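Take a look at the structure below.
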Amino acid sequence: MNTKNAPVDTNSLVKLAKALSDPTRLRILQEIAKGTNRGCADLFEFVPISQPSMSQHLKALVESGLIESAKEGRTKHLSINPAKLQELESFLQLLKTT
């Protein structure tokens, strides 16, 4: 992959960086990445924070594009957005090759 010519979406990268700048959000991302969570409620077992705090962190992660949510009945299923990970990886590779 030629990352030198890849366009850089600065606004998107700023959102990603802000979302990744919080230790709680990093922990939430790690749990979602395991793929073992059936829904939002499962995260409380691994990240013991209040429901309002969890909602704020998940909102930041969704708005950054790092996670996607799909609603099934009353349950929200969360997953990592591979396209955003690729965007971040491409940018980091660009820095490495500059």
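The values are calculated or read from the model by the stated rules, or taken from the named source; none is laboratory data. In this text the structure is predicted, and so the values were computed from the model without any measurement. FYI the Cβ positions are ideal-geometry reconstructions off the backbone, even for glycines, and counts take in every protein chain you see. The protein model used for the area step is the full one, side chains on, heavy atoms only, and it has no ligands, DNA or RNA in it. Shrake-Rupley method; radii C 1.70, N 1.55, O 1.52, S 1.80 Å.
Do you know which of the residues in segment 6-23 that are modelled with pLDDT of 95 or more and assigned to a loop (DSSP other than H, G, I, E, B) is farthest from L88 (Cα to Cα)? Among them, the one singled out is D22. Does G65 satisfy the criteria of being modelled with pLDDT of 90 or more and on the phi > 0 side of the Ramachandran plot? It is true that G65 is modelled with pLDDT of 90 or more and on the phi > 0 side of the Ramachandran plot. Residues that are of a type outside the set (S, T, Y) and open to solvent by less than 30 Å² (accessible area, probe 1.4 Å) within segment 61-77 comprise L61, G65, L66, I67, listed in sequence order.
Let's see how each residue does on (1) under 18 Å from L88 (Cα atoms); (2) among the hydroxyl-bearing types (S, T, Y); (3) assigned to a helix (DSSP H, G or I); (4) within 12 Å of the chain's Cα centre (by Cα):
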position: R25; (1), (2), (3), (4): yes, no, yes, yes
position: L29; (1), (2), (3), (4): yes, no, yes, yes
position: A33; (1), (2), (3), (4): yes, no, yes, yes
position: D42; (1), (2), (3), (4): no, no, yes, no
position: E45; (1), (2), (3), (4): no, no, yes, no
position: I49; (1), (2), (3), (4): no, no, no, no
position: S55; (1), (2), (3), (4): no, yes, yes, no
position: A60; (1), (2), (3), (4): yes, no, yes, yes
position: E63; (1), (2), (3), (4): yes, no, yes, yes
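Residues in segment 69-98 that are out of contact with any Lys or Arg (no Cβ under 9 Å at 6 or more places or on another chain), of a type outside the set (K, R) and not in a helix (DSSP H, G or I): E72, G73, L78, S79, I80, N81.
Only one of the numbered conditions (1) open to solvent by less than 50 Å² (accessible area, probe 1.4 Å); (2) at pLDDT 90 or above is violated by D42, and that is (2). Scanning segment 12-39 for residues that are surrounded by fewer than 15 Cβ atoms within 10 Å (Cβ to Cβ) and hydroxyl-bearing (S, T, Y) gives S21, T24, T36.
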